[in-house]
Each structure stands twice: as structure tokens, then as C-alpha cells.
1. Which residues, counting only those in the range 233-267, are touching a strand residue (DSSP E or B) at 6+ places or on another chain (Cβ under 8 Å) and basic (Lys, Arg)?
2. Look at THR243 and say whether it is among the polar types (S, T, N, Q), at pLDDT below 95 and farther than 25 Å from ALA66 by Cβ.
3. If ASP229 satisfies every condition in (1) over 21 Å from LYS125 (Cα atoms); (2) modelled with pLDDT of 95 or more but one, which is the exception?
4. Tally time: how many residues in the range 207-222 are under 17 Å from MET294 (Cα atoms) and without any contact (Cβ under 8 Å) to a residue 60 or more places away in the chain?
5. Considering only residues that are part of a loop (DSSP other than H, G, I, E, B) and either at pLDDT below 95 or buried (at least 16 other Cβ atoms within 10 Å of the Cβ) (or both), which ones fall in the range 1-24?
6. Does ALA225 meet the test of being hydrophobic (A, V, I, L, M, F, W, C) and either under 17 Å from GLY291 (Cα atoms) or out of contact with any Ser or Thr (no Cβ under 7 Å at 6 or more places or on another chain) (or both)?
7. Run GLN119 past the list (1) assigned to a loop (DSSP other than H, G, I, E, B); (2) within 22 Å of LYS315 (Cα to Cα) and report the number of the one that doesn't hold.
8. Between ASP286, ASP280, ASP306, ASP268, which is on the phi > 0 side of the Ramachandran plot, acidic (Asp, Glu) and modelled with pLDDT of 95 or more?
Amino acid sequence: MIVLFGDLNDPHLVSIRDCVKSKKIKCEILGTDENSLLQTKVSYGDAGVSVSQGKLCLDVFDIAGAFIFLPIFIDSKRSDQNFRFWHASWKEFLYSIYDHLQDFGVVVNKGFRNSISCQSKMKLKEVSRGLGVPHPKSVITNSKSDINDFFDRAESVAIKTLHQIYLEKDSSPTMLLTKIVKKEDFDDFDGLGESPLYLQEFIEKKYDARCIYVGGKVISCKIDASGSDYGRVDWRAYDLPRTIHREISEPKHVKSAITEIMQEMQLDYACIDFCIDQNDVWWILDVNPFGKYMWIEMATGLKISDEIANFLIKKYL
């Protein structure tokens, strides 16, 4: 059996599950969202680990392949101590299952812990530098002198998040987007006690690309938000009427670079973001082993879910 871990209603997982099932192979989603966990029974003892969720009754030993898309829902909207204890207990249990499955070699990306580590901005910088893949100058710091020094070395600077968290605006989910900043924006920055900032040289780009890596295959989408005042800096502003999505064939050297980075990071699946400058240089910006793609599939017709389903079948069954 192939098991997909994540939100029970996530369209990515629903699509992958349906693709696998269309080939007469058993595949189920184990919900890691709050509503699903509220309806889940688990047992760990001498007989092993069993999980019951709705109509799904699962013995962990029956899992031949596991794709962890959302390890557990994000606990960031509640302050109640009872809820935090409940969430922490589920997190510990689920993480133990992921480690258990990793020991059997049945988890995509060589295991959940490896996926987590490969989200690191520092790791991407070191790996891309070691392989000679263009990556913008960057600094992670809460030192005022280091911030000033970086502005002296970079023509244009953008501030980015080290890690996205759940945020709301007007009761709707939102995120912190990349923003171009100036040296004087940090005149009042004290440094002591502040969290680390992630500053990166801003590349004046023609367009962006999201490349989805699936078991050795690269599927790429051109994302052109140059006609949008909001999307020009960060296409995730989702000014969709002014943002063009279409399939693109990445240059051979870029595909080779992606393959080398994925092999170095020991990843089977990831979304890799690039920006392409005015000289057609592909600058790598991010690697996300939990990256999303469904809007691309819907906008372009690319069969990404099919590729993931075929990969899971081929690798684990």
C-alpha cells in the first residue's frame, strides 16, 4: 500500500491518490489535519503500530511507500494549553511513525528528517556554491554591521523570510512576500534580541520558473509576472490576470544542475524556484521538498500528479 500523509482534502494528495488507484493499486491518504486527527485512533505496542481514521484501518508494517506532504498541521492560531499539549503529542507520535518508516526505507526523499533539513537556506547556498550553480549573494544575520556591509556589497537588496508561518489578514490566510529594501530601512534596527534576517541580492529578472523534480524527471513552468507591479518582485502575490504560466523547457545545463543538487540533497521530490535575469542566467532561489504545484497543473495542463503517482509505484511496488 502507498500512503500519502497530509491534509485529507488537499487537492495534490487527492489527485495523486486517484492516479495511483486508477492503476488498480491501493493508495490512501492519512490525514494530518486537525479534523482528521480528532477522529483518529492509534495503538503502539508489542504487536506494532496501528492507525484507524474513518474507514481507514492501517498497520504501519503494510506501508510499502510513503509520501509526506504535510507532516502535521501548523499550530499557530491557538494559545490554549490543552490544545498545545494535544498538538505536541500528535506531532511526537507522527514524527515517530515517519522515523519508523524511514528505518524501512519506504519514505520519499530518504525520509522526513532529510526533507526538513533540505529546506535550509544555508544548505542551499552551500550546495549550489559547491556545484557552481548561480545563487544570489545573501546574508542571514541580526548584526547591524553585517546588514550595513551587505548593502555596501549588493546593488539591490530584498528581504525574505527564513520560514513561512501561518498569518492572517482580514480573517484570510496570507504570507510575508519578498520586498525590496534600502539601507536606511534598518536605521532603527537594534540587533540585540532580534531574530535573524534573510537578505538577498535582488536579481532584476525577465521571469521566474518553478521546476518540479520527480524521481529524476524535471517538469518546468515559466511564471512571468513582469507585467504586474506586485508580482514583479514576488510572483506569489498571485496577481494572476497579469501573471503568465506556461510550460517551459529548461536549458540542458539547468536540468543537469537540478539533478546534481537533488542527488546531493538525496531528494526524490522537490519544487525548485529560479529567477531568470536579462542575460538568461538561471539563478536558483529555493528548494522546497514539500512544495506545491496544483495551480500550475490547473493553469498549464501539465500532468504532475501523474508523474508523482508513477514514481511512487515504480519506486516502492
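1. Within the range 233-267, ARG246, LYS255 qualify.
2. Working: among the polar types (S, T, N, Q): yes; at pLDDT below 95: yes; farther than 25 Å from ALA66 by Cβ: yes.
Yes; evaluated as a whole, the condition is true for this residue.
3. (2)
4. Of the residues in the range 207-222, 4 are under 17 Å from MET294 (Cα atoms) and without any contact (Cβ under 8 Å) to a residue 60 or more places away in the chain.
5. MET1, ASP7, LEU8, ASP10
6. no
7. So the condition that GLN119 fails would be (2).
8. It is ASP280.
The values are calculated or read from the model by the stated rules, or taken from the named source; none is laboratory data. Remember, it's a predicted structure, so these values are computed and weren't measured experimentally. Here Cβ is always computed from backbone atoms with ideal geometry, including for glycine, and neighbour counts include all displayed protein chains. Ligands, DNA and RNA are excluded from the accessible area calculation, which covers all protein heavy atoms including side chains. Shrake-Rupley method; radii C 1.70, N 1.55, O 1.52, S 1.80 Å.
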